[in-house]
Amino acid sequence: MDKLVFTSLSGAKTGTIQRTMLTNDLANISTVGFKRASFQRAIPAQLDGPGFPVRFQPLVENRTDIVNLSPGTRMDTGNALDVAFNGQTVLGVLGEQGEIAFTRRGDLRVSELGFIETSNGHLVASEGGGPLTVPEGGSVNITPDGTVFFNATLAEAAGAAPPVLVGQLVLRDASATTLQRRLDGLFEEIGANGLGGDIAPGPEVASLSSGALEGSNVNPVEVLVSLMDYYRSFETQMKIIKSAEELDQNGSRLIQTS
């Protein structure tokens, strides 16, 4: 009886983590550059001490979200500051403490202070260190390798002056690196524990496409089906626990009458 309740309750707890991740995915279907995540493997509940060593608690080793960098749907916008990243390229931005972290969000803009930032407010990092800034006025163009050029408005209209190089985006190929999602939604190498930091470039060439955005890689139909499976599984686990309770009560009454 104890084993039955233990197994059912363990399954229900694991399902709760799954439900949290699925609802988060569903809420970010329309978020630019959003990537699904998965959690790590289960571990035994009893490693040392008293108890049954054969029991397994199907809970994750930790709450680390391993980022799935599969591409989302691309949308052409024609905006020079909208960029979509090719392959498993990620963009370096600055976290709250000034540390390097990464994102796939490519809806960039120029702030009132001249900083290039993502639409959710993260400053875009420069290969030279610190945030990337551009002069006031004019327009910004970004090449496929992440080089940023500035065109002064009058010069661009007259065609009299070439564009000015203002910096280089931090682009990294993450195909050989396992990334985890942080609490602020940015990515970092697994094991960084919120400290961020640069990652080793992968074997592929890091590049981007200007004038387009990458949508979320969440498949809404797949998520909804998974949610239905979760609720059915949770209902089954609760029925098993209820049945175990009824069997225990019936057993107690039989002992009392005997």
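The values are calculated or read from the model by the stated rules, or taken from the named source; none is laboratory data. Everything quoted here is computed from the prediction, not taken from an experiment. In this analysis, Cβ positions are derived from the backbone assuming ideal geometry, glycine residues included, and neighbour counts consider all displayed protein chains.
Structure summary
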quantity	calculated
Pair list, Cβ < 8 Å and 6+ apart or interchain, from the range 159-187 residues that are free of Cβ contacts under 8 Å to residues at least 24 places away in the same chain to residues that are of a type in the set (Val, Ile, Thr)	Leu165/Thr147; Leu165/Val148
Per-region count, the range 17-41, residues among the small types (Gly, Ala, Ser), modelled with pLDDT of 80 or more and surrounded by fewer than 18 Cβ atoms within 10 Å (Cβ to Cβ)	2
Of the criteria (1) in contact with a Ser or Thr (Cβ under 6 Å, 6 or more places away or on another chain); (2) over 25 Å from Asn79 (Cβ atoms); (3) surrounded by 17 or more Cβ atoms within 10 Å (Cβ to Cβ), which one Glu188 fails	(1)
Residue match in the range 118-127 (condition: in contact with a Ser or Thr (Cβ under 9 Å, 6 or more places away or on another chain), surrounded by fewer than 20 Cβ atoms within 10 Å (Cβ to Cβ) and more than 22 Å from Glu214 (Cα to Cα))	no
Among the residues listed as Glu61, Glu112, Glu96, the single one being among the acidic types (Asp, Glu), at pLDDT below 95 and assigned by TED's automatic domain parsing to the domain that holds Leu22	Glu61
Positions within the range 131-165 being within 30 Å of Gln88 (Cβ to Cβ) and modelled with pLDDT under 90, in sequence order	Ser139, Pro163
The range 76-89: number of residues that are touching an Asp or Glu at 6+ places or on another chain (Cβ under 8 Å) and more than 14 Å from Thr143 (Cα to Cα)	3
Scope the range 62-77; condition within 17 Å of the chain's Cα centre (by Cα) and assigned to a loop (DSSP other than H, G, I, E, B); matching residues	Asn62, Arg63, Thr64, Asn68, Leu69, Ser70, Pro71, Gly72, Thr73
Tally, over the range 78-123, of residues that are aliphatic (A, V, I, L, M) and assigned to a loop (DSSP other than H, G, I, E, B)	3
Within the range 165-197, tally of residues that are β-branched (Val, Ile, Thr) and within 24 Å of Val140 (Cβ to Cβ)	2
Number of positions in the range 198-228 that are surrounded by 13 or more Cβ atoms within 10 Å (Cβ to Cβ), more than 30 Å from Ser139 (Cβ to Cβ) and without any contact (Cβ under 8 Å) to a residue 40 or more places away in the chain	1
